[in-house]
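**Q** Starting off with a structure, shown below.
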Amino acid sequence: QVQLVESGGGSVQAGDSLRLSCLASGQSFSTSAMGWFRQAPGREREFVTAIGWTALRTYYTNSVKGRFTISRDNAKNTVYLQMNSLKPEDTAIYYCAAGRIVGGPTTMSADYWGQGTQVTVSS
């Protein structure tokens, strides 16, 4: 069992940066792949980025490559999402997830979800 709590969302201007954090509790964190998904109004939840449990591999959806960076600190049971050069189309609720890397277009299968944190980017 893993419980996830996100923080760090907010309202920013286009071009600004934000860092999201996700604090996990439970024994499975250090052996779980971790990721971030997002859901914009009127749209389905989509994969954003993931990191393997060893942190050696990271995965990004094309629209955030070069702008977002995922990292994890297993000693702190925390995964981070550094978001730079934010765009209005990044506006969404961002969800932290714990699960497995499955590859392919799905990339990550989530077993546990956080409650989400709102990110709003204005132009």
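The values are calculated or read from the model by the stated rules, or taken from the named source; none is laboratory data. Keep in mind the model is a prediction, meaning the values are calculated, not measured. Accessible surface areas use protein heavy atoms only, side chains included; no ligands, DNA or RNA. Shrake-Rupley method; radii C 1.70, N 1.55, O 1.52, S 1.80 Å.
**Q** Relative contact order for the chain using alpha-carbon pairs under 8 Å, separation at least 6, rounded to a whole percent?
**A** 35
**Q** If you plug each phi of the stretch 48-58 into the Karplus form 6.51 cos²θ - 1.76 cosθ + 1.60 with θ = phi - 60°, what whole-Hz ³J(HN,Hα) values come out, in order, with x for Gly and Pro?
**A** Couplings: 10, 7, 8, 9, x, 5, 8, 6, 7, 10, 10 Hz.
**Q** Sticking with this structure for a sec: Ignoring ligands, DNA and RNA, what percent of the 1.4 Å accessible area of the stretch 1-114 is carbon and sulfur?
**A** 46
**Q** Calculate, in nm to one decimal, what Asp111 and Thr58 gain on full extension: separation in residues at 0.36 nm each, minus their alpha carbon distance.
**A** Extra length from Asp111 to Thr58 when fully extended: 17.3 nm.
**Q** Another one. Rank Glu46, Glu6, Glu89 by accessible area, highest first, at a 1.4 Å probe radius?
**A** On the way: Glu46 65, Glu6 10, Glu89 125 Å².
Accessible-area ranking of Glu46, Glu6, Glu89, largest first: Glu89, Glu46, Glu6.
**Q** Sticking with this structure for a sec: Relative to the compact globular guide of 2.2 N^0.38 Å, what is the alpha carbon radius of gyration of the chain, as a ratio?
**A** With N residues counted in the chain, Rg over 2.2 N^0.38 Å equals 0.97.
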